[in-house]
Amino acid sequence: MSDTPLRDILIRARQESARMQHHYLGAEHLCIGMLHLPGGALAAALEDQGFTPDYLTDRIRRKAGKGAK
């Protein structure tokens with residue numbers, strides 16, 4: 001990974017956007033990018049509430065759905 005957390009988040013968000021077949025970069029992609037940032041504050045705060053990054057990623061993907069091919 002790169003040396004800056006913001007760059008890591010954007011890379012992961014773009015990958016997620018492509019995975020979901022979306023032609024835009026939205027809040028859902030950025031949130032997933034932040035959830036999977038190693039040592040990230042968002043994942044830590046949500047894990048304190050009993051939510052894992054994988055669970056939340058799955059819920060976001062289901063809610064947002066896939067884009068058109």
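The values are calculated or read from the model by the stated rules, or taken from the named source; none is laboratory data. Everything numeric here is computed off the predicted structure, so don't read it as measured data. Here the Cβ is made from the backbone with ideal geometry for all residues, glycine too, and neighbour counts use every protein chain on show. Accessible surface areas use protein heavy atoms only, side chains included; no ligands, DNA or RNA. Shrake-Rupley method; radii C 1.70, N 1.55, O 1.52, S 1.80 Å.
Suppose accessible area is computed on protein heavy atoms with a 1.4 Å probe; arrange Glu47, Glu16 from highest to lowest. If you can, show how the numbers build up before the last one.
Values: Glu47 100, Glu16 15 Å².
Largest accessible area first, the list is Glu47, Glu16.
How much accessible surface area, in Å² rounded to 10, belongs to the heavy atoms of Thr52 with a 1.4 Å probe?
Surface accessible to solvent at Thr52 totals approximately 70 Å².
Order Asp58, Asp8, most accessible first, counting only protein heavy atoms with a 1.4 angstrom probe.
Greatest to least solvent exposure: Asp58, Asp8.
Could you do me a favour and compute the accessible area per residue for the chain, 1.4 Å probe, result in Å²?
Here the residues of the chain average 69 Å² of exposed surface.
Residues of the stretch 23-45 with the amide nitrogen closer than 20 Å to a label point 7 Å from the Cα of Arg61, along Cα-to-Cβ, please.
Hits in the stretch 23-45 for Arg61 at 20 Å: 23-38, 43-44.
Report, in deg cm²/dmol and to the nearest 500, the calculated mean residue ellipticity at 222 nm for the chain, where each DSSP H run with n ≥ 4 adds -39500 (n - 2.57) and the sum is divided by the residue count.
Details: 4 runs with 44 residues, N = 69.
Calculated mean residue ellipticity at 222 nm is -19500 deg cm²/dmol.
Would the chain count as rounded, prolate or oblate if I go by the C-alpha gyration tensor, calling it rounded below 1.5 in a/c and otherwise prolate when a/b exceeds b/c, oblate otherwise?
Numbers: a/c = 2.85, a/b = 1.24, b/c = 2.30.
Oblate, because a/c is 1.5 or more while a/b does not exceed b/c.
Compare Ile11, Ile32 by solvent-accessible area with a 1.4 Å probe and give them largest first, with all protein chains kept in place.
On the way: Ile11 60, Ile32 5 Å².
From most accessible down to least: Ile11, Ile32.
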